[in-house]
């Protein structure tokens, strides 16, 4: 992850429920950590999920995700989910997320989110939110 564009950092601690029998984080739980990181990035930009639905009739759905698992996290580790936007389009956005332990990259994820209406159809992201997200944007 380069230093261009703002990065949101969300701390996460690994709990027993996140691990397998060996005390290693189960691979699917990194997706939950990433979801928390994205949600907190949106919240920091002034966008709360309930507000999206209640006031604007839109929400986000994961369209595509890739994950590169580099090293395992373990029970009681303190992690940080680093999130930033790498693409913002009319009805979608893409984010790069890295789950780290100190300065070690553990998992690198790229996620594409579709902005949808209540019927699940694509809908343009409201301009108010596009402006709010500009500080986390780094188009590549």
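None of the figures in this text is laboratory data; all of them are computed from the coordinates on show. From a predicted model like this one, the values you see are computed outputs, not experimental measurements. No Cβ is skipped: glycine too gets one built from the backbone with ideal geometry, and neighbour counts run over all protein chains shown.
Just the number, please: percent antiparallel of the DSSP beta bridges in the chain, rounded to the nearest 5. Mind dumping the intermediate values first?
Details: 38 of 39 bridges.
Here the share of antiparallel DSSP bridges comes out near 95 percent.
Run lengths n ≥ 4 of DSSP H only: what is the helix-derived mean residue ellipticity at 222 nm for the chain, with -39500 (n - 2.57) per run over all residues, to the nearest 500? Walk me through the intermediate numbers first.
Working: 2 runs with 23 residues, N = 140.
About -5000 deg cm²/dmol.
Assuming a ≥ b ≥ c are the square roots of the Cα gyration tensor eigenvalues, decide whether the chain counts as rounded (a/c under 1.5), prolate (otherwise, with a/b larger than b/c) or oblate. Don't skip to the answer; put the middle values down first.
Working: a/c = 2.15, a/b = 1.70, b/c = 1.27.
Here the chain falls in the prolate category.
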Point to revise | In range of the label at residue 35: residues from the range 98-114 whose backbone nitrogen is under 19 Å from the point 7 Å along Cα→Cβ | key: 98-100, 107-114
